[in-house]
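Below: the structure, in structure tokens.
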Amino acid sequence: MAIRDEEAVAANARAAARLARTPTALSARYDRRIGRIVIALSTGVDIAFKPQSAQGLEMATPRDLAEIEVSPSGLGLHVPALDADLYLPALLDGFFGSRKWMAASLGQAGGRASTQAKAAASRANGKLGGRPRKVTESA
């Protein structure tokens, strides 16, 4: 099925209108002083985040982050030393990786979290002799 010229023109117009409403990256750099990647947006706002917060950059060194390229559309960032790509709209939405990667990261953070309720439950469990042993039924 071929796309008609008027459909292509309409699609390009919709894409241009959406791009005009979407912040784009003008530049991106790693700031060693604060240990963050800083992105200057077309809106005049700068955003910064820890490289470890983004999938593909978890183990990045300052040397790896010395060069960060912005795509021609301003919607993508590329780190050549790591062959890592980031999608700006996802970063702005708070998604620094795939759903699976984000879930694993959040699970690790949750497991390390210590709350008063968690500490109290642990103490109470300890008074009872700790975690109950698993009972396996034998035939």
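Each residue of the stretch 18-32 was assigned a 3J(HN,Hα) from its phi angle through the Karplus expression (A = 6.51, B = -1.76, C = 1.60, θ = phi - 60°), giving 5, 4, 5, 8, 9, x, 10, 7, 8, 7, 8, 7, 9, 9, 4 Hz with x at Gly and Pro. Between Ala120 and Ser42, the contour length at 0.36 nm per residue exceeds the alpha carbon distance by 23.2 nm.
For the stretch 1-81, the Stokes-Einstein estimate of translational diffusion at 37 °C and a viscosity of 0.692 mPa s comes to 226 µm²/s, using the Kirkwood hydrodynamic radius over alpha-carbon pairs.
If amide hydrogens are placed 1.01 Å from N in the peptide plane, which non-local residues have theirs closer than 5 Å to the one on Thr22? Here nothing satisfies the definition.
Any read-out appearing in this document is the output of simple, stated calculations on the displayed coordinates, not a laboratory observation. This structure is a prediction, so every number in the text was calculated from the model and none was measured.
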